[in-house]
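Input: a single structure, listed below in structure tokens.
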Amino acid sequence: MKGIGASPGIAIGKAVVVEKKRPRLTGVTLQSEAEVKREVLRFEQAVTSAVAEVEAVMDTLVAHDGPTEVLEIQIELLQDEQIITDVVEKITSEHVTATDAVMEVIAAAVTTLHNLDDAYLRERAADVEEAGNRILMELDPTLKPSELIVSENTILIGEDITPMDILSVDIAKVIGLVTRTGGKTSHAAIVAKARGIPAVVGCGDALASVRGGDVVIVDGSEGMLVVNPTTEILNEYTAKKKAFTTQASALNALKDIVAVTTDGVRVKLMANISNAADLEASFAFGAEGSGLLRTELLFMGRNTLPTEEEQFEFYKNVALQAGGKPVVVRTLDIGGDKPLPYLHLPAEQNPFLGYRAIRICLDRKDIFITQLRAILRASVFGDLKIMFPMISNVSEIEQAKAILEDVKTALRSASTPYNAAIEVGIMIEIPSAAVMADLLAREVDFFSIGTNDLCQYTLAVDRMNEQVKHLYDPFNPGVLRLIQNVIEQGNKFHHHTGMCGEMAGDVTATLLLLGMGLREFSMSAASIPYVKDLILNTSITAAQEICRTVMAMRSTPEIIQYLQAVTKR
Ligand code: PEP
Ligand code: MG
């Protein structure tokens with residue numbers, strides 16, 4: 001069953017289904033003023049007892065250091081003047097029962113919230129609904145849930161699991177949550193995340209088929225639910241669960257430790273990102289900034305080019321989110337596997353060898369200038385660097401830098417602030433650039449090795465073509481020689497050389513790259529703890545020895561076998 005992964009991790013346990021008793025309209029019309037008065041009083045008493053009940057729960061929670069915010073919201077909503085006035089007004093003017101008045105007023109408030117654009121506010125409809133249900137339960141005690149009996153390893157399953165549901169069970173025994181409705185900011189999601197319990201929300205009607213006692217796997221990372229799994233699937237998820245737990249503890253233990261080898265050499269570990277949210281998430285893995293901000297996503301999935309203002313806001317957010325940590329902003333790398341339909345680029349025989357990245361930008365200067373203006377304007381909000389992709393010769397760097405200088409001049413004459421000392425670097429991802437790294441090093445402040453493209457161009461293997469997938473091989477001795485040359489030349493010219501291709505996050509390559517002299521690795525954030533763990537447990541001397549051994553080898557299987565053997569910890 002597919003849902004929304006609301007809290008990561010894997011839980012395997014037994015289902016306990018939370019049954020909700022639904023309130024019904026009474027349809028009764030009050031016959032006298034005395035009856036009206038009595039219903040208003042019943043309503044007011046119901047609100048008072050609902051508040052008292054929530055306060056009692058809060059007291060026990062405070063005693064156990066539990067989170068009380070959701071309950072504070074409940075008290076506020078129960079005492080909401082608008083809701084109270086509307087209900088009393090309905091009873092007195094329409095002569096309906098307290099139950100009917102509460103149901104109608106709450107339903108209207110919920111509909112209004114549901115229609116809002118803001119996802120968070122939409123989810124708050126659940127808070128209002130819950131407050132309403134509390135009052136309804138006081139008016140009709142038969143609606144109160146029967147006490148849930150949970151045993152060890154319980155997976156709670158329900159329509160929408162409310163804080164009240166969670167508080168009414170022995171939460172220590174609950175290892176997973178699953179709901180039919182709700183999104184990432186629903187209560188179930190918030191509570192699950194706060195407690196580190198895997199959760200899948202918004203599973204839809206299919207969830208009705210789950211019965212109490214069913215064996216359930218909750219995969220909160222993938223948003224998947226498996227009910228009564230086969231032994232094979234159970235084994236698969238047991239292994240996944242173990243891997244997740246190992247990763248989580250490695251992550252926690254290493255997050256705030258800097259990567260230093262046993263002989264004291266400092267290595268920087270950064271994250272590849274596409275926006276400010278990715279950057280924020282990467283800090284949980286200990287990222288020290290970003291070695292690659294792919295700006296393409298900002299241009300994709302829309303019908304027109306983003307304006308300078310839109311781009312400025314985007315880069316500014318990233319710079320602010322980074323909080324002083326460096327972020328390498330790569331200029332547009334469109335074409336090849338990343339089409340942009342609204343540019344109407346002509347179809348090509350060999351898109352990867354064609355009109356892409358810096359080639360488009362040097363041709364369509366309007367696009368390039370707009371992006372450079374936006375990046376430069378945002379550069380006063382943090383440590384942004386500029387990186388040009390797909391460089392194959394010196395002339396492209398000269399042209400790109402000349403345009404950058406023009407943009408700086410224009411900003412200066414308009415007194416628009418920007419970081420005049422902004423660093424400029426290039427991706428090394430075309431073999432010619434890797435071979436003449438010594439020449440290119442003089443032109444820029446830094447290199448970043450893009451192994452994804454470097455590998456495809458060096459080996460003449462389309463990185464998207466399934467048929468030649470087996471030939472795509474970053475450990476090919478030819479590719480390794482190119483990488484080694486780039487690192488050596490970069491280090492010789494004393495500017496920093498990073499790597500942002502997938503190889504930077506591959507633990508099999510870590511010791512070899514360290515031995516080659518690489519000191520900056522940028523990767524998908526989740527890989528950082530693993531790479532860091534290796535760095536913390538090796539010396540540069542050992543890594544250099546590993547590098548010498550590998551560079552004398554002739555074939556990939558031999559290299560990988562050796563690297564895996566020396567990498568085992
Ligand atoms: C690369 O080519 O290695 C790289 C990081 O860039 P992309 O994958 O975006 O082409
Ligand atoms: Mg690339």
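Per residue, the convex hull around the alpha carbon atoms of region 78-200 comes to 110 Å³. Distance from the C-alpha centroid of region 495-569 to that of region 273-342: 27 Å, rounded to the whole angstrom. Principal-axis analysis of the Cα atoms of the chain puts helix 33-63 at an angle of about 40° to the longest axis. For the chain, the longest principal axis of the alpha carbon atoms and the long axis of helix 125-139 meet at an angle near 20°. Amide H to amide H distances under 5 Å link residue 212 with 17, where only residues 5 or more positions off or on other chains count and H is placed in the peptide plane. FRET efficiency for the pair residue 215 and residue 303, taken as 1/(1 + (r/R0)^6) with r the Cβ-Cβ distance and R0 = 45 Å, rounds to 0.40. Charge dipole (Cα centre; +1 on Lys/Arg Cβ, -1 on Asp/Glu Cβ; no other charges) of the chain amounts to roughly 2140 debye.
Dividing the summed helix terms, -39500 (n - 2.57) for each DSSP H run of n ≥ 4, by the number of residues in the chain produces a 222 nm estimate of -15000 deg cm²/dmol to the nearest 500.
The DSSP beta bridges internal to the chain are antiparallel in roughly 30% of cases. Rounded to the nearest 10 degrees, the angle from helix 394-413 to the longest Cα principal axis of the chain is 60 degrees.
Full extension of the chain segment joining residue 409 with residue 558 gains 48.3 nm, where the gain is 0.36 nm per residue of separation less the Cα-Cα distance.
A 1.4 Å probe over all protein chains sorts 24, 359, 134 by accessible area into 24, 359, 134, starting with the largest.
The stretch between residue 25 and residue 116 holds 30.1 nm of extra length on full extension. This uses 0.36 nm per residue minus the Cα-Cα distance.
I'd like the antiparallel share, as a percent to the nearest 5, of DSSP beta bridges with both residues in region 259-567. Taking every DSSP beta bridge within region 259-567, about 10 percent pair in antiparallel fashion. Extension gain for the segment residue 81 to residue 466, taken as residue separation times 0.36 nm less the Cα-Cα distance, is 132.3 nm to one decimal.
Taking a cut-off of 13 Å, what percent of all Cα-Cα pairs in region 513-553 are separated by more than that?
57
Heavy-atom accessible surface of the chain, averaged per residue, reaches 46 Å², computed with a 1.4 Å probe. Of interest is the spacing of the C-alpha centroids, which for region 134-153 and region 399-469 amounts to 62 Å.
In terms of Cα atoms, the Rg and Dmax of region 69-114 work out to 11.4, 36 Å. At a Cα cut-off below 16 Å, give the lysines reachable from residue 90, other chains included and same-chain residues fewer than 8 away excluded. Reachable lysines: 37.
How big is the Rg/Rh ratio for the chain, C-alpha atoms only, Rh by Kirkwood, two decimals?
Dividing the radius of gyration by the Kirkwood radius yields 1.08.
Modelled spin-label separation between residue 348 and residue 362, with each label point placed 7 Å from Cα along the Cα-to-Cβ direction: 1.3 nm. For region 259-567, the fraction of 1.4 Å probe accessible surface lying on carbon and sulfur atoms is 53 percent.
Annotation: lysines with alpha-carbon distance below 28 angstrom to residue 14 (same-chain offsets under eight excluded): 2, 144, 173, 184, 193, 240, 241, 242.
Computed packing ranks the peptides 458-471, 200-213 as 200-213, 458-471, most packed first, by mean other Cβ atoms within 10 Å. In region 33-143, the alpha-carbon atoms span a convex hull of 97 Å³ per residue.
The values are calculated or read from the model by the stated rules, or taken from the named source; none is laboratory data. Computed from a predicted model, the values in this text were never measured in an experiment. Virtual Cβ from ideal backbone geometry, glycine too; neighbours counted across all protein chains shown. Only protein heavy atoms, including side chains, enter the accessible area calculation; ligands, DNA and RNA are left aside. Shrake-Rupley method; radii C 1.70, N 1.55, O 1.52, S 1.80 Å.
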